[in-house]
1. Has segment 25-38 got any residue that is at pLDDT 95 or above and in a helix (DSSP H, G or I)?
2. Between residues in segment 392-412 that are closer than 22 Å to HIS57 by Cα and at pLDDT 95 or above and residues that are assigned to a strand (DSSP E or B) and small (Gly, Ala, Ser), which pairs lie under 8 Å by C-beta distance while being six or more apart or on different chains?
3. Starting from segment 127-141, keep only residues that are outside the structural domain of MET392 (by TED's automatic domain parsing) and on the phi > 0 side of the Ramachandran plot, then list their pairs with residues that are in a helix (DSSP H, G or I) and crowded, with 24+ Cβ neighbours inside 10 Å whose Cβ atoms are within a distance under 8 Å, requiring at least 6 positions of separation or different chains.
4. Between LEU226, LEU216, LEU251, which is surrounded by 24 or more Cβ atoms within 10 Å (Cβ to Cβ), among the aliphatic types (A, V, I, L, M), assigned by TED's automatic domain parsing to the domain that holds ASP289 and in contact with an Asp or Glu (Cβ under 7 Å, 6 or more places away or on another chain)?
5. Under the condition of being small (Gly, Ala, Ser) and under 21 Å from the mean Cα position of the chain (by Cα), which residue from segment 298-337 is surrounded by the most Cβ atoms within 10 Å (Cβ to Cβ)?
6. Taking segment 47-95 only, how many residues are assigned to a loop (DSSP other than H, G, I, E, B) and either over 20 Å from the mean Cα position of the chain (by Cα) or among the hydroxyl-bearing types (Ser, Thr, Tyr) (or both)?
7. So, of the residues in segment 262-295 that are surrounded by 13 or more Cβ atoms within 10 Å (Cβ to Cβ) and charged (D, E, K, R), which turns out to be nearest to LEU251 (Cα to Cα)?
8. For segment 403-417, state whether one or more residues are outside any helix (DSSP H, G or I) and either in the same structural domain as LEU357 (by TED's automatic domain parsing) or of a type outside the set (Phe, Trp, Tyr) (or both).
Amino acid sequence: MALNQRHLNPQLGRILRTLGFDREWASGRGPYLIDRQGDEYLDLLSGYGVFSLGRSHPYVKEQLSRVLAADSANLPQLGVSTLPGVLAEELIARAPAPLDGVVLTSSGTESVETAIKLARAATGRPRILFCERGFHGLTLGSLSVNGNEEFRERFEPLLPACDPVPFGDLDALRGELDRGEVAGFLVEPVQGKGVNLPPDGYLQAAQQLCRAAGALLIVDDVQTGLGRTGRLFTSDHWGLEPDMVTIAKSLSGGYVPIGAVLASRAVLSAVFDSMERGVVIGSTFGGNDLAAAAGIATLQTIEREGLVERAAQLGDLLLELTRPLVQRFEIVREVRGLGLIWAIELGPPAGRAARRLWDAIERRQPGLFAQLVTVPLFHDHHILTQVAGHHMNVVKALPPLITSDEDIRRFATALEQVLEGAEEHLFRSYASLGFELGRRSLAARRV
C-alpha cells in the first residue's frame with residue numbers, strides 16, 4: 001500500500017482505506033483471497049470476472065510452465081507460431097455461427113477498439129451505436145462507446161459518430177438505424193453495470209434490425225462470456241448469430257492478459273483484402289505463446305470440469321436462495337441474474353421517517369446504502385462483493401465458476417443477516433457507516 005500511495009494511484013488507496021478493504025493480500029486459492037494473517041475471504045468479485053477458474057488453478061499453471069520450459073519461438077512478428085493458431089481454432093469450434101476468424105489482443109478494451117475498427121472498415125460506414133450504461137472499456141476508443149458519464153467526464157472530445165441508445169429500447173435502436181451510416185451496434189447481452197438483463201426478445205429483434213439496415217451486430221462478452229451465464233457464449237441463450245464477439249478476462253485463466261475478437265469471414269475478408277492491408281490491425285503482444293497457452297488451458301478446464309453447466313446450476317441455486325429476500329425486506333427491490341452474474345437492487349423503506357433519512361443521505365451521497373451491505377459482508381463475514389455501478393444501490397457478485405454449493409449458501413445466509421441488520425437499525429446503521437467512512441477517509445487523507 002505504501003508503494004501504491006507513492007508511485008501508483010493514491011486515490012485508490014484512499015478508497016480502500018475508507019471502506020476498510022485495505023488488506024495485505026498474501027495469496028489466492030480457488031475462490032478465496034488470503035491475507036497476511038491467514039484469514040480467508042470468499043472472493044465474489046473474481047477480479048471483475050478474470051478468475052472464473054478461481055485462483056492458482058493447477059492445470060493452467062502446469063500448461064504455462066510447459067510453455068516456459070519449451071523456450072518456444074514466441075512472437076516472431078514477421079512470422080507465426082503454433083499456439084495462437086490452436087487457440088483460434090479452439091475458439092471457433094465452440095463459437096456461434098457465422099464466426100470463423102479471430103483477431104487476438106491483450107485485453108477487453110483492446111478487443112472492443114478492434115471491433116470498432118473492423119466494423120468501420122468492413123462496412124465503409126462511420127457510426128457505432130452503443131447502449132446507455134454499457135461498459136466497454138476505458139481507453140479512448142472504448143470510452144467513446146462507454147455509456148457511463150462518470151468515466152467519460154474530462155476526457156472529451158471522444159471519437160465522433162458514436163451514439164447511445166437506451167438498453168432494451170427497440171424503437172430507439174430502429175430510429176438510429178434509420179438515420180443511416182451505422183457500421184455496427186455494440187451491446188453487452190447482460191450489462192455489467194447494474195447487471196441489467198435484456199427484455200424478452202430484445203436481442204433477437206435487435207439482430208434483425210441490424211441485418212435489415214446492413215449494420216453489424218457486435219456482442220461484448222468480455223465479462224459474461226466463457227461460461228459465466230450458463231452458456232459458453234452468452235449469445236447462445238437466444239440463438240444469436242452475431243457478426244463479432246469480443247472476449248477477454250476469464251480467457252486468461254487468471255494469469256496472462258489476453259483478449260480476442262471473433263468475427264465472420266465476411267468481416268475479416270473485407271478488412272484484410274490485400275497484402276498491403278495485412279497488418280492494418282494488430283497488437284504487439286496479442287497472441288503471444290503464454291497467453292495462447294492460458295486460453296487453451298482455460299477452454300480445456302471449462303469443458304473437463306463441466307463449468308458451463310456448473311455456472312447454470314449455481315446461478316439457479318443463488319437465485320432460489322436470494323429471491324425470497326424481495327418479500328422479506330422492504331428495502332430489497334429486486335434480485336436478478338443469469339448464471340453467475342448476480343445482483344440485488346435496494347430501495348427506500350416505506351416508513352416516513354426512514355424514507356426521509358434515505359432521501360437526505362442519497363441526495364448527499366447517491367448509492368451509499370449499498371455500502372451498508374458490501375462493507376459488513378467484507379468485515380463481518382469475509383466476503384468480497386462490489387457496488388454494481390456509480391451512484392447505484394445495487395450490489396453485484398461474480399462468483400468463480402468453481403465455487404462450491406456450500407459457499408453459495410454461506411453468501412446467501414450472510415446477505416440475509418446483513419440486510420436484517422441494515423433494515424432493523426436503519427438510522428443507527430447509516431449513522432455508524434457515515435461516521436466510520438468519514439473517520440477512515442480523514443485517516444486515509446493524512447497517510
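1. Among the residues of segment 25-38, not one is at pLDDT 95 or above and in a helix (DSSP H, G or I), which makes the answer no.
2. ALA397/ALA343; PRO400/GLY30; ILE402/GLY30
3. Here the result reads GLY137/GLY108; GLY137/GLU110; GLY137/VAL112; GLY137/GLU113, each pair linking segment 127-141 to a residue that is in a helix (DSSP H, G or I) and crowded, with 24+ Cβ neighbours inside 10 Å.
4. The match here is LEU216.
5. Restricting to residues being small (Gly, Ala, Ser) and under 21 Å from the mean Cα position of the chain (by Cα), the top hit is ALA311.
6. Selection size over segment 47-95: 14.
7. ASP289
8. yes
The values are calculated or read from the model by the stated rules, or taken from the named source; none is laboratory data. As the structure is a computational prediction, the values presented were derived from the model and not from experiment. Positions of Cβ are backbone-derived with ideal geometry, glycine not excepted, and every protein chain shown enters the neighbour counts.
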